[in-house]
Protein chains: 2
Amino acid sequence: MTDELDDTTEDRELLSDRIRNALEDEIATGKLEAGAALDEQQLADRFGASRTPVREALRQLAANGLVEVRARRGVVVARMTPERIMDMFETVAEIEAMCVRLATYRMTPLERSHLIELHDSSEAIVKKGDFDAYDTFNRAFHEAIYHATHNSFLAEQAIAIHNRLMAFRRAQLQQEQRLDRSRVEHEAIMEAIAEGDGELASRRMRAHMLNAATALRRFIEANKLT
Amino acid sequence: MTDELDDTTEDRELLSDRIRNALEDEIATGKLEAGAALDEQQLADRFGASRTPVREALRQLAANGLVEVRARRGVVVARMTPERIMDMFETVAEIEAMCVRLATYRMTPLERSHLIELHDSSEAIVKKGDFDAYDTFNRAFHEAIYHATHNSFLAEQAIAIHNRLMAFRRAQLQQEQRLDRSRVEHEAIMEAIAEGDGELASRRMRAHMLNAATALRRFIEANKLT
DNA sequence: GATGACGAATTTGCATGCAAAGATGATGCG
DNA sequence: CGCATCATCTTTGCATGCAAATTCGTCATC
């Protein structure tokens, strides 16, 4: 079936952007797995478009590091070595730590109460063991912190990198217990924020992220997936 | 004159990549100033190509935030507000601080001696007051630190963000005295690295970068350039 | 003189076409 | 049976063409 994009909506958005978003999503969620070849004509057919907007979308994804263009030899979903994934996790951990430190010192009372509310809402999700809901919450939680840095450039960078790791995060979160531990770690971070101790919040955030990375590494080694 | 790209070289590289690199460079060095409209046909003529590779290049630049595509209304060089530039500087300062902390703990003796050598070489440059040479040195100095983190993903991110600020950094470095002060600050960072005190190196690096930002702000306010 | 409407001229977004590079696979040779 | 070679097929990279959207200039109106 062609034209799988929702073409009932006003097509104000550029076709190349819609294709980019769709591919971004499929890569992030793992629907398109690492190393998969992305044939231009095939994608064009699938989206009911010509190769031109598909190519533009692929170039944009390449600029963001989600796919790899091998000149004249096609485009593949960026293949990540375990080392690279760990490097990315460490980078995210450091950036998140940086963000929460800045956020602790700069957030407004309104932002603080919003974050508390968000955190409180996660209790029910953990109880239900709803992985998808927790994933959504987790994203909102971290983005709330990014924005509380009151540095929009930093927030954008953090979101971009966070997104690139999303595929792996989801796999990792499905591990048993991890949901529960994640919430406990969030709790500790919240306490540090409440006390206004940015350095402590920062260290706890780094530990939180590195715990997630460790959980993921175990998952990778157990399942032998890259 | 058309075809200003060097077409004597093997054209192994994609045309769209060559155009992207050329534009990237012109934006970074300020040759193309913020807000300038980028006409596709005009660029195509200038590079002796058709609009297709130009469009692909522009899309890639957009994905990196260097230009802004306004759907159906053309592409302009990303216009930066003074706030945004300061946000970028703060982000770079924090990332550099992070890098130097990690690098202090992880660099090999070889990397350390390379960095020392590099730093020593800057003395003569400062004495001559050679801004361009200092700019080149400065870039090498910071990149050496990025790589010494032994985290290639982080290094790539740092370089990418660093590059986006280059245009402004150059303007800032041309202020009197700044060259000298920059070297003194590097000296202090080197000392902390030599002592193996990553936290201290980190704080000094952050201060170093924020000093540069402050110098730039004064420059912007004095010259009313955005 | 400012403002708004309308038509021409650009300019963008996308489709299509074509040449060249790379992948594929059959054939011949060791 | 393995491997190199060559012809064929596929896919990419870029040019060109066309329709739709936007901008610009002109004119009429207030």
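The values are calculated or read from the model by the stated rules, or taken from the named source; none is laboratory data. Source: prediction; values computed, not measured. Backbone-built Cβ (ideal geometry, glycine too); neighbour counts: all protein chains shown.
Scanning region B:186-198 finds one or more residues that are within 14 Å of another protein chain (Cβ to nearest Cβ), at pLDDT 85 or above and buried (at least 16 other Cβ atoms within 10 Å of the Cβ). Check region A:203-219 and report whether any residue there is free of Cβ contacts under 8 Å to residues at least 60 places away in the same chain, more than 23 Å from A:Val126 (Cβ to Cβ) and either exposed (fewer than 15 other Cβ atoms within 10 Å of the Cβ) or within 22 Å of the chain's Cα centre (by Cα) (or both). No, region A:203-219 contains no residue that is free of Cβ contacts under 8 Å to residues at least 60 places away in the same chain, more than 23 Å from A:Val126 (Cβ to Cβ) and either exposed (fewer than 15 other Cβ atoms within 10 Å of the Cβ) or within 22 Å of the chain's Cα centre (by Cα) (or both).
Within the set A:Glu90, A:Glu111, A:Glu83, A:Glu96, the sole residue that is acidic (Asp, Glu) and surrounded by fewer than 13 Cβ atoms within 10 Å (Cβ to Cβ) turns out to be A:Glu83.
Quickly run through region A:15-39 and pick out the residues that are touching a residue at least 40 places away in the same chain (Cβ under 8 Å), of a type in the set (S, T, N, Q) and either on the phi > 0 side of the Ramachandran plot or within 16 Å of DNA strand C (Cβ to nearest atom) (or both). Matches in region A:15-39: A:Ser16 only. For the list (1) touching a residue at least 24 places away in the same chain (Cβ under 8 Å); (2) within 19 Å of B:Thr52 (Cβ to Cβ), I need the number of the one condition that A:Arg55 fails. Of the numbered conditions (1) touching a residue at least 24 places away in the same chain (Cβ under 8 Å); (2) within 19 Å of B:Thr52 (Cβ to Cβ), the odd one out for A:Arg55 is (1).
Residue check: B:Arg73 meets all listed conditions (1) surrounded by fewer than 16 Cβ atoms within 10 Å (Cβ to Cβ); (2) away from DNA strand D (no atom under 16 Å from the Cβ); (3) within 14 Å of another protein chain (Cβ to nearest Cβ); (4) free of Cβ contacts under 8 Å to residues at least 60 places away in the same chain but one, namely (2). Candidates in region A:76-87 are the residues that are more than 11 Å from every other protein chain (Cβ to nearest Cβ) and outside any strand (DSSP E or B); of these, the one that is farthest from DNA strand D (Cβ to nearest atom) is A:Pro82. In this structure, A:Phe89 does satisfy being modelled with pLDDT under 95 and among the aromatic types (Phe, Trp, Tyr). Taking the criterion of being aromatic (Phe, Trp, Tyr) and within 14 Å of another protein chain (Cβ to nearest Cβ), the residues of region A:103-156 that qualify are A:Tyr105, A:Tyr146, A:Phe153. Scanning region A:44-70 for residues that are under 30 Å from A:Arg206 (Cβ atoms) and either facing chain B (nearest Cβ under 7 Å) or of a type in the set (Val, Ile, Thr) (or both) yields A:Ala63, A:Asn64, A:Val67.
In the set (1) in contact (Cβ under 8 Å) with a residue 40 or more places away in the chain; (2) surrounded by fewer than 17 Cβ atoms within 10 Å (Cβ to Cβ), A:Ala148 fails one condition alone, (2). Against the definition (more than 20 Å from A:Ala201 (Cα to Cα) and in contact (Cβ under 8 Å) with a residue 60 or more places away in the chain), how does A:Met98 come out, yes or no? Spelling it out, it is not the case that A:Met98 is more than 20 Å from A:Ala201 (Cα to Cα) and in contact (Cβ under 8 Å) with a residue 60 or more places away in the chain. Among the residues of region A:61-84, the one identified as under 17 Å from A:Leu23 (Cα atoms) and of a type in the set (Asp, Glu) is A:Glu68. The residue that is farthest from the other protein chains (Cβ to nearest Cβ), among those in region B:17-43 that are in contact with a Gly (Cβ under 9 Å, 6 or more places away or on another chain) and either small (Gly, Ala, Ser) or surrounded by 15 or more Cβ atoms within 10 Å (Cβ to Cβ) (or both), is B:Ala37.
Note on region B:175-213: residues that are closer than 20 Å to B:Tyr146 by Cβ and in contact with a Phe, Trp or Tyr (Cβ under 6 Å, 6 or more places away or on another chain) amount to 2.
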